[in-house]
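Quick notes on the structure that follows.
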Amino acid sequence: GWQASVKSGSLYYILPCNRLPVQLMSQVRVYTSNGQKKDLGSEDTTNKSAREETLHKAETGQDTTNAGQKQSLLKQPIQVKVKAVLKKREYGPKYTQNNFITGVRAINEFCLKSSDLDQLRKIKRRSPHDDTETFTVYLRSDVEAKSLEVWGSPEALARERKRRKEAEIKYRENLFRNQRLLWEYKQFFGNTKPRSSTAAMFFKGPGKVVMVAICINGLNFFFKLLAWVYTGSASMFSEAIHSLADTCNQALLALGISQSARTPDPSHPYGFTNMRYIASLISGVGIFMMGAGLSWYHGIMGLLHPHPVESLLWAYCILAGSLVSEGATLLVAINEIRRSARAKGLSFYQYVVQSRDPSTNVVLLEDAAAVLSVAVAATCMGLTSLTGNPYYDSVGSLGVGTLLGTVSAFLIYTNTEALLGRSIEPEQLQRLTELLESDPVVRAIHDVKATDMGMSKVRFKAEVDFDGRVVTRSYLEKQDIEQLLQEIQQVKTLEELEAFMLKHGENIIDTLGAEVDRLEKDLKQRNPDVRHVDLEIL
């Protein structure tokens with residue numbers, strides 16, 4: 001059996017024997033990783049004498065059978081397996097020789113011309129954009145060498161970069177002045193361009209609702225202000241302030257709608273969609289401060305210093321007209337929300353609470369509060385007319401203020417939740433998760449996050465554990481297997497093996513990237529709300 005181990009130089013050998021350890025006397029050569037060989041048969045005199053003494057003691061205590069067995073073992077050659085390891089390459093803290101850059105970046109950062117790039121190697125890579133499959137890139141090392149050839153030295157290139165930076169700053173300043181002059185020209189001669197898409201937004205959907213509300217509330221404010229001047233009623237003053245607050249807030253909503261349609265830029269890569277929520281949030285704060293605050297103030301002052309109210313006939317007429325106009329705007333907002341909620345598969349209540357369309361929500365709540373406040377003001381003014389007690393009128397002003405405060409609190413809460421980046425509904429998140437997990441290339445997904453960015457735009461992020469075998473099989477299905485087998489059979493040296501592995505390893509990584517792009521495209525196609533997908537390889 002295997003019972004003893006004997007040290008020979010720096011190697012340990014486990015040899016079969018019956019009882020005693022046997023010291024090997026044959027010469028052993030050990031090959032190190034750097035190609036040097038070490039002769040263990042020629043050792044110093046001390047180690048050699050120790051081995052002879054050990055061998056003599058072993059031979060003295062054994063019979064002829066064991067001695068013959070030991071001699072046969074000593075005559076067998078010793079095979080030493082040497083593990084061939086590829087030498088590790090040191091890249092250093094900064095390595096950019098294999099980096100790819102686009103032509104636009106090469107021209108901007110290295111101050112080259114398009115004709116300079118024609119002489120460089122062109123490489124086709126997968127495009128990161130959805131509208132194109134491939135695009136052309138250049139090796140950064142080639143671009144750097146070409147820039148030094150063109151400019152002569154790194155110092156000259158740095159001076160050119162500085163000069164171009166200064167020219168860019170000056171160009172932006174001139175552009176701002178030119179835009180200002182162009183605006184003044186349009187104001188003087190009129191804008192002859194066709195209607196832009198931003199202006200068209202106010203003729204349909206939420207923009208149409210907001211514009212109708214601005215016109216009606218502006219007229220209501222004007223007539224209610226005349227009625228307050230004529231009667232001196234606290235409730236009528238509250239109504240006038242209420243209409244003014246609604247007009248200002250809806251003008252702010254219109255500004256938010258126009259700003260939300262701006263094209264994304266480098267400073268705001270995800271666009272300006274949240275401008276609608278910001279405008280609605282400011283609108284809610286404005287209702288609380290301007291509408292509710294002034295109504296409470298006027299009601300409290302009426303309780304502390306009551307004064308008789310003049311004839312309320314004109315006030316009743318104006319309130320009746322305001323009720324009709326506010327009701328018409330309310331119906332427009334309700335119909336728009338019903339249509340949008342039906343398109344999203346949500347109920348009317350869910351659509352309002354989730355603040356899917358903040359601009360329409362503000363108009364809906366403001367007009368609903370306006371209709372109720374007209375009813376409250378009319379009731380309190382009627383009690384004042386019947387009893388002659390001005391306190392009822394002041395109480396009506398407080399009631400209108402309380403109603404406005406409730407509406408503003410709801411708007412502030414819903415828009416703040418939207419701006420904080422709340423998660424989507426659990427059912428929708430579960431559908432996205434199941435879609436990924438049902439794909440054969442995915443083993444598991446972790447750290448799933450789906451954020452509602454507002455206006456039916458969702459950003460989805462997950463860490464994906466990909467099945468490397470499925471990815472590799474997907475790559476092999478696109479290859480000529482017989483040709484691949486011939487390449488494998490032609491590999492004879494370490495250098496050829498390294499070149500083979502590097503070639504197909506890079507192709508497999510490209511295949512993995514293509515699988516990531518495919519999954520992202522499937523998520524967007526099956527879920528139109530998902531606009532941005534970030535899949536991280538685990």
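Scanning the range 404-416 turns up no residue that is open to solvent by 50 Å² or more (accessible area, probe 1.4 Å), over 26 Å from residue 332 (Cα atoms) and either in contact with a Phe, Trp or Tyr (Cβ under 9 Å, 6 or more places away or on another chain) or in contact (Cβ under 8 Å) with a residue 12 or more places away in the chain (or both). Could you tell me how many of the residues in the range 203-241 are modelled with pLDDT under 80, within 33 Å of the chain's Cα centre (by Cα) and surrounded by fewer than 19 Cβ atoms within 10 Å (Cβ to Cβ)? Number satisfying all stated conditions: 3. Taking the listed residues 251, 292, 279, the one that is assigned to a helix (DSSP H, G or I) and farther than 18 Å from residue 361 by Cα is 292, with no other qualifying. When we screen 515, 498 for residues that are open to solvent by less than 90 Å² (accessible area, probe 1.4 Å) and either under 26 Å from the mean Cα position of the chain (by Cα) or among the basic types (Lys, Arg) (or both), the only hit is 515. Here residue 448 meets each of (1) under 21 Å from the mean Cα position of the chain (by Cα); (2) part of a helix (DSSP H, G or I) with one exception, condition (2). Only residues that are open to solvent by 40 Å² or more (accessible area, probe 1.4 Å), out of contact with any helix residue (DSSP H, G or I) (no Cβ under 7 Å at 6 or more places or on another chain) and at pLDDT 90 or above were counted in the range 444-458, giving 3.
If you filter the range 263-289 down to residues that are surrounded by fewer than 17 Cβ atoms within 10 Å (Cβ to Cβ) and in contact with a helix residue (DSSP H, G or I) (Cβ under 9 Å, 6 or more places away or on another chain), you find that the one that is modelled with the highest pLDDT is 285.
Would you say residue 300 is among the β-branched types (Val, Ile, Thr), over 28 Å from residue 357 (Cβ atoms) and assigned to a helix (DSSP H, G or I)? Outline the logic, then answer.
Working: among the β-branched types (Val, Ile, Thr): yes; over 28 Å from residue 357 (Cβ atoms): yes; assigned to a helix (DSSP H, G or I): yes.
It is true that residue 300 is among the β-branched types (Val, Ile, Thr), over 28 Å from residue 357 (Cβ atoms) and assigned to a helix (DSSP H, G or I).
Taking residues in the range 492-504 that are more than 19 Å from residue 480 (Cα to Cα), and partners anywhere that are open to solvent by 100 Å² or more (accessible area, probe 1.4 Å) and among the aliphatic types (A, V, I, L, M), the pairs with Cβ atoms closer than 7 Å and at least 6 places apart or on different chains are 494/86; 498/86.
For residue 455, state whether it is part of a loop (DSSP other than H, G, I, E, B), aliphatic (A, V, I, L, M) and touching a residue at least 40 places away in the same chain (Cβ under 8 Å).
Numbers: part of a loop (DSSP other than H, G, I, E, B): yes; aliphatic (A, V, I, L, M): yes; touching a residue at least 40 places away in the same chain (Cβ under 8 Å): yes.
Yes.
In the set 394, 385, only one residue is over 27 Å from residue 211 (Cα atoms), among the polar types (S, T, N, Q), in contact with a Leu (Cβ under 8 Å, 6 or more places away or on another chain) and surrounded by fewer than 19 Cβ atoms within 10 Å (Cβ to Cβ); that residue is 385. Filtering the range 143-155 to residues that are touching a helix residue (DSSP H, G or I) at 6+ places or on another chain (Cβ under 9 Å) and among the charged types (D, E, K, R) leaves 144, 146, 149. Would you confirm, using the coordinates I've provided, whether residue 260 is open to solvent by less than 10 Å² (accessible area, probe 1.4 Å) and not aromatic (Phe, Trp, Tyr)? Criteria not met by residue 260.
Taken over the range 303-341, the residue count meeting the criterion of being small (Gly, Ala, Ser), over 16 Å from residue 220 (Cβ atoms) and either in a helix (DSSP H, G or I) or not assigned by the TED database to the domain that holds residue 216 (or both) is 2.
Every residue in the range 342-357 that is more than 19 Å from residue 257 (Cα to Cα) and in a helix (DSSP H, G or I), please. Write out each step before concluding.
Filtering the range 342-357 down to residues more than 19 Å from residue 257 (Cα to Cα) leaves 342-350, 353.
Those that are more than 19 Å from residue 257 (Cα to Cα) and in a helix (DSSP H, G or I): 342, 343, 344, 348, 349, 350, 353.
Annotation: of all residues in the range 120-165 being closer than 21 Å to residue 516 by Cα and polar (S, T, N, Q), the one that is most open to solvent (accessible area, probe 1.4 Å) is 134. In the range 518-527, the residue that is most open to solvent (accessible area, probe 1.4 Å) out of those that are free of Cβ contacts under 8 Å to residues at least 60 places away in the same chain and out of contact with any strand residue (DSSP E or B) (no Cβ under 9 Å at 6 or more places or on another chain) is 525.
The values are calculated or read from the model by the stated rules, or taken from the named source; none is laboratory data. Not measured: the values here are computed from a predicted model. As a convention, Cβ positions derive from the backbone with ideal geometry for all residues, glycine included, and neighbour counts pool all protein chains shown. The protein model used for the area step is the full one, side chains on, heavy atoms only, and it has no ligands, DNA or RNA in it. Shrake-Rupley method; radii C 1.70, N 1.55, O 1.52, S 1.80 Å.
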